[in-house]
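Shown next, in structure tokens, is the structure this report addresses.
The values are calculated or read from the model by the stated rules, or taken from the named source; none is laboratory data. None of these values were measured; they are calculated from a predicted model. Cβ sites come from the backbone with ideal geometry, for glycine too, and all protein chains shown count toward neighbours. All accessible areas refer to the heavy atoms of the entire protein, side chains included, with ligands and DNA or RNA removed. Shrake-Rupley method; radii C 1.70, N 1.55, O 1.52, S 1.80 Å.
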Amino acid sequence: QVQLVESGGGLVQAGGSLRLSCAASGPIVSINDMAWYHQAPGKERELVAVITSTSSTTDSTTYADSVKGRFTISRGNAKNTGYLQMNSLKPADTGVYYCKIATLTFSASKVKDYWGKGTLVTVSS
């Protein structure tokens, strides 16, 4: 079974930084897309950033307008690892951050989505 584990959340003051990590394991052939979502208290889950592997050497990234210039999504040296670098954090960034991947497994005929359980980020003012 494919599993995702997020880490790196915590308490930080406004203007500070955090780096979230996402580690995927299981029968993964290749990860096509890795995305981060944010769910503020009492609100629905929203897409923050996504990175797509278009070739062995080229990736493409997209960001929500609210985080452009502050957050950076990337893939790690480990093949099934990803990161979200969050700078200039604001109280509105508070909430649970979820990692999601789209991947083909050895036993599946189509690409499927898999979700982590989330990591909590709290930004104080």
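Numbers for the structure displayed
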quantity	calculated
Lys, Arg +1 and Asp, Glu -1 on Cβ, resulting dipole of region 1-87 about Cα centre, debye, nearest 20	160
Within the accessible area of the chain (1.4 Å probe), percent carbon and sulfur	48
Efficiency of FRET between VAL111 and ARG70 - r from beta-carbon atoms, R0 41 angstrom, step 0.05	0.85
Label-point gap, in nm, between GLU46 and SER30 - each point 7 angstrom along Cα→Cβ	3.4
The chain - accessible surface per residue (Å², probe 1.4 Å)	56
Percent RCO, i.e. relative contact order, over the chain, from Cα pairs under 8 Å lying at least 6 residues apart	36
GNM flexibility winner over the chain from ALA24, ALA40, ALA78 (Cα, springs under 10 Å)	ALA78
Listed residue pairs exceeding 21 Å between alpha carbons, taken from LYS43/LYS117; LYS68/LYS90; LYS68/LYS100; LYS79/LYS112; LYS68/LYS110	LYS68/LYS110
Dipole of the chain, positive end: most advanced residue of LEU47, THR105, GLN13 [Cβ charges, Cα centre]	THR105
Estimated inter-spin distance, GLN85 and THR58, nm [label 7 Å along Cα→Cβ]	2.3
